[in-house]
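> Quick one: this structure, given as structure tokens, is what I'll be asking you about.
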Amino acid sequence: MNEQDKNKPSNEDSLKTKPGEAGSQPSSLNKLFSKRWVFPAVYTAAAAIILTLVWVYQDAGQKPLSTDTAAVVSEDVGGSGDTAGAADAGKDPNALEVTASAESLAWPVANPSDVQVVKPYYDENGTEQNHVEAMVQNGDTFTPNTGIDFAREDKKTFDVKAAISGEVTRVEDVATLGTVIEVTQGSLKTVYQSLGEAKVKQGDQVKQGDTIAAAGRNEIEKDLGNHLHFEVHQDGKPVNPAELLPQKAQNK
């Protein structure tokens, strides 16, 4: 082989190329991106990551508050509710107290000291004297007194007042009982008998202390003259008015 032939590149050398030159062999990354499935796979993976981040963000927003945070919110929000609840809870008993105080049975006369009990309520557990004094005679029949009878010492008439506020549920003239008026408030009913002319009519709303009639006479208790027969019914049953009337006034 002559010198000229030695300087000629061989076929093997002619096939070798330097890195970066055109015609060089593709790298592994180039080979990877040359695959048709690569870009769809990358797109799918990116979409999955985005969806996962969105889910995590939403899930974090829906997670329950931490104990400390919940306590603060409960204190601010629930506390306000508790305050309102406490106010309501406090309001209801107060309302009941006010109602009870306003509607505690009042004397059915303007001035209790002007009248006296002329026939007491018949108390089943009372004394023998009570059982005798509290009997109402109608001819040959004796029946227990289911109320209290009030009269003035001088036997004069007097104004009869509503002992409770409520609706006038009865106004009736009964031959043996005189004029009868009933005032009802819920389960409590007050009955006024032996009255003169009524100053109210059935269906009227009256307030405690309103004048509803004047004391009068009846046929059963003629010996009592002008008087008021007063009854109190709770849940349909007569109760002793003396146990409900203001004790201080009762003692006058």
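> In the stretch 108-121, is there at least one residue being closer than 22 Å to N218 by Cβ, free of Cβ contacts under 8 Å to residues at least 12 places away in the same chain and part of a loop (DSSP other than H, G, I, E, B)?
Taking every residue of the stretch 108-121 in turn, none turns out to be closer than 22 Å to N218 by Cβ, free of Cβ contacts under 8 Å to residues at least 12 places away in the same chain and part of a loop (DSSP other than H, G, I, E, B).
> Next up: Output the residues belonging to the stretch 101-152 that are acidic (D, E), more than 19 Å from A213 (Cβ to Cβ) and surrounded by 13 or more Cβ atoms within 10 Å (Cβ to Cβ).
Going residue by residue through the stretch 101-152, those that are acidic (D, E) are 103, 114, 123-124, 128, 133, 140, 149.
From what's left, more than 19 Å from A213 (Cβ to Cβ): 103, 123-124, 128, 133, 140.
Passing the criteria: E103, D123, E133.
> Which of (1) touching a Phe, Trp or Tyr at 6+ places or on another chain (Cβ under 9 Å); (2) open to solvent by 60 Å² or more (accessible area, probe 1.4 Å) does K156 not meet, given it meets every other one?
All conditions pass for K156, except number (1).
The values are calculated or read from the model by the stated rules, or taken from the named source; none is laboratory data. In this text the structure is predicted, and so the values were computed from the model without any measurement. Don't worry about glycine lacking a Cβ; one is built from the backbone with ideal geometry, like all the others, and counts go over all protein chains shown. Heavy atoms of the whole protein, side chains included, go into the accessibility calculation; ligands, DNA and RNA do not. Shrake-Rupley method; radii C 1.70, N 1.55, O 1.52, S 1.80 Å.
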